[in-house]
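Q: Have a look at this one before I ask anything.
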Amino acid sequence: MFKSKRLFKTTFTFLLLTIVFVTSSCAQQQNKNIPAAKEKSQPVATQKIKMSINGMVCMACQSTVKKAIKSLDGVTNVEVSLENKNAIVTYYPNLVKLEQIQKAVNDKGYTAGKPQEVKQ
């Protein structure tokens, strides 16, 4: 395939250096994001709220609301009750705001009520 060992060594060295360069560039890009990630992940106590939800009439509605809330970064647990027409949400207040939780529910066509803090 290669006409000489020298050409093979040169090509191999070039490919190896290219791989090392690309890999180190990716590592440097990832390191740039670490301080921001550390700022967000500082230990903060979770909060728990109870929020009424109007418009749910079936289990599919219940599932849709749960998925919408759970998809938000910072939400750790969601319990949605079709019977009681409410949701109990545990979340990190430094990562997600109450308004975002309400908006996620409202954007799916339901009406989120005023959140009330639940003692943990």
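Q: Rounded to the nearest angstrom and ordered from largest down, what semi-axes does the equivalent ellipsoid of region 45-86 get from its C-alpha gyration tensor (root of 5λ)?
A: Numbers: eigenvalues 73, 28, 9 Å².
Sorted largest first and rounded, they come to 19, 12, 7 Å.
Q: Which value does Rg/Rh take for region 47-117 over its C-alpha atoms, Rh per Kirkwood? Don't skip to the end; give the middle numbers.
A: Working: Rg = 10.6 Å, Rh = 11.6 Å.
Across region 47-117, the Cα-based Rg/Rh ratio is 0.92.
Q: Which residues' amide hydrogens lie under 5 Å from the amide hydrogen of Ile53, considering only partners 5 or more residues apart or on another chain, with H built in the peptide plane?
A: Amide H to amide H, under 5 Å and 5 or more residues apart or across chains, Ile53 pairs with Asn86, Ala87, Gly113.
Q: Go through region 85-93 residue by residue and turn each phi into a ³J(HN,Hα) via Karplus (6.51, -1.76, 1.60, θ = phi - 60°); whole Hz please, and just put x for glycine and proline.
A: 3J(HN,Hα) across region 85-93, in whole Hz: 6, 8, 10, 10, 10, 10, 8, 9, x.
Q: Which order do the peptides 48-61, 82-95 come out in when sorted by mean C-beta neighbours inside 10 angstrom, highest first?
A: So the peptides 48-61, 82-95, ranked by packing, come out 82-95, 48-61.
Q: Given points 7 Å out from each Cα along the Cα-Cβ axis, report the Lys67 to Glu83 separation in nanometres with one decimal.
A: According to this spin-label approximation, the distance is 2.4 nm.
Q: Suppose the chain between Thr90 and Thr10 were pulled fully straight at 0.36 nm per residue; how much longer would it get relative to their current alpha carbon spacing?
A: 22.9 nm
Q: Amide H neighbours of Thr76 under 5 Å, at least 5 residues apart or on other chains, H built in the peptide plane: list them.
A: Amide H to amide H, under 5 Å and 5 or more residues apart or across chains, Thr76 pairs with Thr90, Tyr91, Tyr92.
Q: Let me ask you something else. Which peptide among 99-106, 70-77 comes first, and what is the full order, when sorted by highest mean count of other Cβ atoms within 10 Å?
A: Working: 99-106: 17.2, 70-77: 14.0.
So the peptides 99-106, 70-77, ranked by packing, come out 99-106, 70-77.
Read the figures in this text as sums done on the coordinates, not as results from a lab. What you are looking at is a predicted structure, and each value in this text was computed from that prediction instead of being measured. Here the Cβ is made from the backbone with ideal geometry for all residues, glycine too, and neighbour counts use every protein chain on show.
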